[in-house]
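So the structure is just underneath, and the comments pick up after that.
Derivation of every value follows stated rules applied to the coordinates shown; laboratory data play no part. Being a predicted model, the structure only gives us computed values, none of them experimental. Reconstructed Cβ throughout: ideal geometry from the backbone, glycine too, with neighbour counts over all protein chains shown.
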Amino acid sequence: MERQDLFDAFSSAMRGMADEALLGGRLHPGRVKSRLLEAHPPEVSGDGVEHMLVRLAADADLDAERIGDNLWALVGAKDVFFVDALNPRFWLLHSTATADKLRRLLTRHLLTSARLDQAWFSGEHLQQLEGERRWVRSSFSSDTLQPNESGAVVPRRWRIQVEGESPNDLLALVSREERYRAGAALTAVSSRLSEPGMGSAEVAADYQGGFVSSGTDFHLVAGVLWRSLDRYESYIRALEDRYRLGVDMTEAGGMSIDGDVALIEFPHDVEDLPALIANLFTCREPFRLWAVPREVSPGQWEANAVDLHVGHAITLEITSQWLRVLLGPHTCGNTLARLVANLQHRFDARVAVPLPSPA
Amino acid sequence: MGSQRVRLTTEGNVPGLTPFDESHQAGLPPARIPVDHQSSDEDLMELLPPQIVAAQSAEEDIVSVETIAERILPEWVVLAHGTRGAFVARLADLLRGLSAREMRGQFRYESLRQPHTRGRIVIEATPASRDPRGRTQAWQAQQRRAASALKRRQAQEAAGQLSLDELAEQGGLAEE
């Protein structure tokens, strides 16, 4: 099957029509849900992707079938999920199955693998979703990291959706207010896409790399997804280029140390540092960080941590003013991206790691 | 260099090195080189449980002690053959102790006769292979084992109010 044929089938599904002959009617009419995933196949090639997919699919009682050029179908009894791995590290998973079935496949079978993680968009990345903006959603909760937060500096929690004319402007207005700016984290955005002679579509994206598309033409959506993938890949590779710490031997027999320490300066002081330390390393979603932290000097903590998503060791150093992240020479940049995206939604929406702006 | 003060003293006049003594608020410098081959057992032990947990999380079956040494010791690339061997032997002793005490049943230590490879750890159990519903608790049990090995009291998680999303994830609510 050509990629274009698959996009045609998705366009039909979005219009409420489904080809009963295609994959035994498992491609249902309805919205197309897509997820951007970051993968570490055992070999960076189509064969490596296939080896990994066959094992993951078997765990989920699905059959992995190669249906095109770096394109796979994970076929179940009633549903089908497509994996587009043209880029063997950054994959797109598509399906018209219900959101619940897709979530179950991801949380119980795919994202449990240390070789697979989801994308973690910062607010800046979400703002780059193309098209005419239809709505923006912001959600924030300081309960996870600061359960005893007074609410004076940082909102305890909120969830808002702004629809209508120029929704970005209203969220920007809120984020200029001193008492709300720490909570104005961008969680999801939706845009309308149209092109003369092609049709139209509406695509929504959230900060966990999820997309939902409706309308008449999936080809428009596919372009947006590919460009989002490219931007995300650039971001992750830039994090790795700058923040992976490595050591080499010099010609003179000495040692050269490469890479920077990622310094995240907190936009506001941590109110309860012991609580933040205790709640950051609980091994739970979304951070999934394992560590036994220790206070190395008054007010400064060190955590020799493990990112349980991927099984990489990292070091975090934390005070009430800043967080340093020391990546290993092979630590995945997605680890840092996940930390930043989740701190934006649970500590302060303005948290960022210094990098040149994504292209 | 301390968490609030940085000082340089020199004997005599050393070109390019002017003594200074400054106060600062930047905290301890980043631990880019957390240990070297002469570090105490106590400092090396800080880095061993995370290496074992990383191997468990990545579902590695076997890790040689030499690989662990390379992962925790930035100066590994410049160490002489004999120094490497001595360091690997020290790690092997520490790992043997961990596998016999606090992390018993999690991994075992196996001696090997090959040059430079004094041994390897074999992962015997990993929370990563558990049912997702019990996995977090199993990782937290690993934290308690490591805290015991490091003679440290594990910080207690402060219970926050569950969000609607978290309740839904735990099966407490249907779709919002």
message: Taking the condition of being assigned to a loop (DSSP other than H, G, I, E, B) and more than 8 Å from every other protein chain (Cβ to nearest Cβ), how many residues in the stretch A:279-308 meet it?
response: 3
- line: Note on the stretch B:124-154: residues part of a helix (DSSP H, G or I), touching a helix residue (DSSP H, G or I) at 6+ places or on another chain (Cβ under 9 Å), basic (Lys, Arg) and surrounded by fewer than 14 Cβ atoms within 10 Å (Cβ to Cβ) are none
From the options A:Phe140, A:Phe121, residue that is within 14 Å of another protein chain (Cβ to nearest Cβ) and crowded, with 20+ Cβ neighbours inside 10 Å: A:Phe140
- prompt: Can you tell which of B:Glu110, B:Glu102, B:Glu75 is of a type outside the set (S, T, N, Q), within 14 Å of chain A (Cβ to nearest Cβ) and either under 16 Å from the mean Cα position of the chain (by Cα) or in a strand (DSSP E or B) (or both)?
  reply: B:Glu102
task: Given the conditions (1) part of a loop (DSSP other than H, G, I, E, B); (2) exposed (fewer than 15 other Cβ atoms within 10 Å of the Cβ), report the number of the one that A:Leu145 does not fulfil.
output: (2)
task: Name the single residue, out of those in the stretch A:236-267 being out of contact with any helix residue (DSSP H, G or I) (no Cβ under 6 Å at 6 or more places or on another chain) and within 30 Å of A:Arg179 (Cα to Cα), that is nearest to the other protein chains (Cβ to nearest Cβ).
output: A:Leu263
message: Here's a check for you: in the stretch B:51-66, which residue that is in contact (Cβ under 8 Å) with a residue 40 or more places away in the chain and under 10 Å from the mean Cα position of the chain (by Cα) is farthest from the other protein chains (Cβ to nearest Cβ)?
response: B:Ile52
task: Quickly run through the stretch A:51-80 and pick out the residues that are part of a helix (DSSP H, G or I) and buried (at least 18 other Cβ atoms within 10 Å of the Cβ).
output: A:Met52, A:Leu53, A:Leu56, A:Ala57
- request: Would you mind finding the one in B:Ala31, B:Ala89 that is surrounded by fewer than 21 Cβ atoms within 10 Å (Cβ to Cβ), within 14 Å of chain A (Cβ to nearest Cβ) and among the hydrophobic types (A, V, I, L, M, F, W, C)?
  value: B:Ala31
